[in-house]
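Novice: This structure is in structure tokens; I'll ask about it shortly.
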Amino acid sequence: MLVLLVTSFVAVAAQTRQFTRAGIEYVLELPSPAWQEISRIDVHDHLDFINGSEPTNGYLRVSKIFVGRPTTVSDLFSDQEKRELQRLAGYVVCGECEGVSFKGQLSGAVFSYEYSGAGRTMYGRIYYLQVDQRTFYSLRFTVARDKLQAVSDQMDLIARSFYLKTTQK
């Protein structure tokens, strides 16, 4: 049993790859070759990540957040909820509105929600990682609810691995 467990761990570890790029100030681990970076253009060119070829298999958007005064991750979530999330069809917050404490290379909290999109029940998870009292990163994952079990641990792995190039790992 122990040999099987170690073999499984080594196989998973061998599939992860570190993602970094010039001009991007963070580093993260992608848990499998299926996770690829994609370009998203609105006013600026942004880099997002997709699991496989369909966003319903897992989608990640990384954003840097600056605030004018010291704030909490709960305040950040409340603000995003009012500005954006509550507009999603069938939106409902899952679990604690205060978030669940999260520790990785950067610490913060994680919030979960569900909504309807493309005729499916979708699941969202936002990790707010705190750099200082006025600087945060949000890692916003979305996935079809029926595919959540397959990628839930991968979301945690990516969020735990996230760090800034200017900090020691």
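Novice: Given the residues R40, R61, which is the only one that is modelled with pLDDT of 95 or more and touching an Asp or Glu at 6+ places or on another chain (Cβ under 6 Å)?
Specialist: Exactly one residue qualifies, and that residue is R61.
Novice: Every residue in segment 53-95 that is among the small types (G, A, S), within 15 Å of S112 (Cα to Cα) and in contact with a strand residue (DSSP E or B) (Cβ under 9 Å, 6 or more places away or on another chain), please.
Specialist: Answer for segment 53-95, where residues must be among the small types (G, A, S), within 15 Å of S112 (Cα to Cα) and in contact with a strand residue (DSSP E or B) (Cβ under 9 Å, 6 or more places away or on another chain): G58, S74, G90, G95.
Novice: For segment 85-94, enumerate the residues that are exposed (fewer than 13 other Cβ atoms within 10 Å of the Cβ) and under 17 Å from the mean Cα position of the chain (by Cα).
Specialist: Hit for segment 85-94 is C94, nothing else.
Novice: Kindly evaluate I41 against the criterion of being more than 14 Å from the chain's Cα centre (by Cα) and either among the aliphatic types (A, V, I, L, M) or farther than 18 Å from D156 by Cα (or both).
Specialist: So I41 passes the test.
Novice: Here is a follow-up. Check every one of the strands (runs of 3 or more DSSP E) wholly within segment 54-169 and list those with 1 or more residues that are among the aromatic types (F, W, Y) and in contact with a helix residue (DSSP H, G or I) (Cβ under 9 Å, 6 or more places away or on another chain).
Specialist: Result: 100-102, 108-117, 120-132, 135-144.
Novice: Can you go through V110, V100, V92, V131 and tell me which one is farther than 20 Å from Q149 by Cβ and of a type in the set (V, I, T)?
Specialist: Residue meeting the stated conditions: V131.
Novice: Taking the condition of being open to solvent by 20 Å² or more (accessible area, probe 1.4 Å) and under 10 Å from the mean Cα position of the chain (by Cα), how many residues in segment 101-140 meet it?
Specialist: So the count comes out to 3.
Novice: With the checklist (1) closer than 15 Å to V143 by Cα; (2) open to solvent by 30 Å² or more (accessible area, probe 1.4 Å); (3) not in a loop (DSSP other than H, G, I, E, B) in hand, flag the one item I50 doesn't pass.
Specialist: (2)
The values are calculated or read from the model by the stated rules, or taken from the named source; none is laboratory data. Bear in mind that the values here come from a model prediction, so they are computed numbers and not experimental data. Counting neighbours? That spans all protein chains shown, and the Cβs are built from the backbone with ideal geometry, glycine included. Protein only, heavy atoms only, side chains kept; ligands, DNA and RNA dropped before computing areas. Shrake-Rupley method; radii C 1.70, N 1.55, O 1.52, S 1.80 Å.
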